[in-house]
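As structure tokens, the structure follows; a few thoughts come after it.
The values are calculated or read from the model by the stated rules, or taken from the named source; none is laboratory data. Only a predicted model underlies this, so the values are computations on that prediction, with no experimental measurement involved. With ideal geometry, Cβ positions are generated from the backbone for all residues, glycine too; neighbour counts draw on all protein chains shown.
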Amino acid sequence: MKIPISITKADIQQIYKPINSKTHKGIQGHAAIISGSYGKIGAAVLASKACIKSGCGLVTTHIPKCGYEILQSTIPEVMVVTTTHEKYISEIIFDIKPQAIGIGPGIGQEPNTQKAFFEFLKTNKTPLVIDADALNILSQNKAWYDLLQPDTILTPHPKELERLIGNWTSDSKKFEKTIEFSKQYKVIIVIKGAPTHIVNGESIYQNTTGNAALATAGSGDVLTGIITSLLAQGYLPIQATQLGVYIHGLTADIALPETGYQSFIASDIITNLGKAFLTLD
């Protein structure tokens, strides 16, 4: 197996772009988050809040109607558009031109949602992060892999990865198959875990931040929001991915002395984003 390249603080400081003192929201990037279904609007809240808290100038969240009041009241900083269906995403239509899109957290796998995702993939040219149910829909429709734009970022946990690439018998086999997949479809794959790895063609990167506190519901939704935000701000896809996983892990390292492992929840990642970014300034 290839030896992974460690993602160190020094590497991240080479990538990280401090905010220009003369910037304004119009040039800080506009991200779109496509997320949520009945009972899983929390995923949209977490992804959207993480996105706006990671430096993005504007965030528009696309959700089913049932989430409208929840989003508007919990994150007043985020703009909200709804689909025609009450409980799930039934179509994906934008009046906006975002610089990056994150899709998947909590969207479920309704047939109409799958159809909407397919129609979206056929025409989308915007840099994209695919997570959660969008990955599961993709893995059930392997012919759609060819619709993915180069440098699309996929963020599977181990079970989602298995659905995408098939099972494996050893760690080296897992990386071999992931590299093969990444090369064939020209995508970047974040293998979430302890530690998290990024596979980009032949290159494997290993994150050096994070701890067991991150093994909590919604942690992946937050990561989707962070990476989408960085993409919208103009980071290259591989840079957005490396910086995203590093910052995401760092929040847990910062919070651990106060929360312990048991009491750390996904919202605590968002709460500690500011402190994490400050370590890079």
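For SER170, the requirement of being among the hydroxyl-bearing types (Ser, Thr, Tyr), free of Cβ contacts under 8 Å to residues at least 40 places away in the same chain and buried (at least 17 other Cβ atoms within 10 Å of the Cβ) is not met.
Can you tell me which residues in the range 1-27 are assigned to a strand (DSSP E or B) and either out of contact with any helix residue (DSSP H, G or I) (no Cβ under 6 Å at 6 or more places or on another chain) or over 15 Å from PRO195 (Cβ atoms) (or both)? Hits for the range 1-27 are ILE5, SER6.
Kindly evaluate ILE101 against the criterion of being under 19 Å from THR83 (Cα atoms) and within 15 Å of the chain's Cα centre (by Cα).
Working: under 19 Å from THR83 (Cα atoms): yes; within 15 Å of the chain's Cα centre (by Cα): yes.
Yes; evaluated as a whole, the condition is true for this residue.
With respect to THR60, determine if the residue is under 18 Å from ASP221 (Cα atoms), among the polar types (S, T, N, Q) and surrounded by 15 or more Cβ atoms within 10 Å (Cβ to Cβ). Outline the logic, then answer.
Values: under 18 Å from ASP221 (Cα atoms): yes; among the polar types (S, T, N, Q): yes; surrounded by 15 or more Cβ atoms within 10 Å (Cβ to Cβ): yes.
It is true that THR60 is under 18 Å from ASP221 (Cα atoms), among the polar types (S, T, N, Q) and surrounded by 15 or more Cβ atoms within 10 Å (Cβ to Cβ).
Among residues of the range 144-157 that are more than 18 Å from GLN114 (Cα to Cα), those with a Cβ under 6 angstrom from a residue that is among the basic types (Lys, Arg), sequence gap 6+ or separate chain, pair up as PRO150/LYS186; HIS157/LYS192.
Run down ILE107, ILE70 and say which single residue is over 25 Å from PRO237 (Cβ atoms) and not polar (S, T, N, Q).
ILE70
Note on the range 10-37: residues that are touching a residue at least 60 places away in the same chain (Cβ under 8 Å) and not hydrophobic (A, V, I, L, M, F, W, C) amount to 11. Return a yes/no flag: does the range 74-92 have any residue that is basic (Lys, Arg), modelled with pLDDT of 95 or more and in a loop (DSSP other than H, G, I, E, B). There is at least one residue in the range 74-92 that is basic (Lys, Arg), modelled with pLDDT of 95 or more and in a loop (DSSP other than H, G, I, E, B). The one condition from (1) farther than 18 Å from PHE117 by Cα; (2) of a type in the set (Gly, Ala, Ser); (3) touching an Asp or Glu at 6+ places or on another chain (Cβ under 9 Å) that SER6 does not meet is (3). When residues in the range 109-140 are screened for being assigned to a loop (DSSP other than H, G, I, E, B) and either within 26 Å of LEU58 (Cβ to Cβ) or without any contact (Cβ under 8 Å) to a residue 24 or more places away in the chain (or both), 5 of them pass. The residues of the range 28-58 that are of a type outside the set (Ser, Thr, Tyr), part of a loop (DSSP other than H, G, I, E, B) and within 20 Å of SER267 (Cα to Cα), listed by number, are GLY36, GLY39, LYS40, LYS53, GLY55, CYS56.
For the range 112-134, give me each residue that is among the aromatic types (Phe, Trp, Tyr) and surrounded by fewer than 23 Cβ atoms within 10 Å (Cβ to Cβ). Show your work before the answer.
To start, the set of residues in the range 112-134 that are among the aromatic types (Phe, Trp, Tyr) comprises 117-118, 120.
Within the range 112-134, PHE118, PHE120 meet the criteria.
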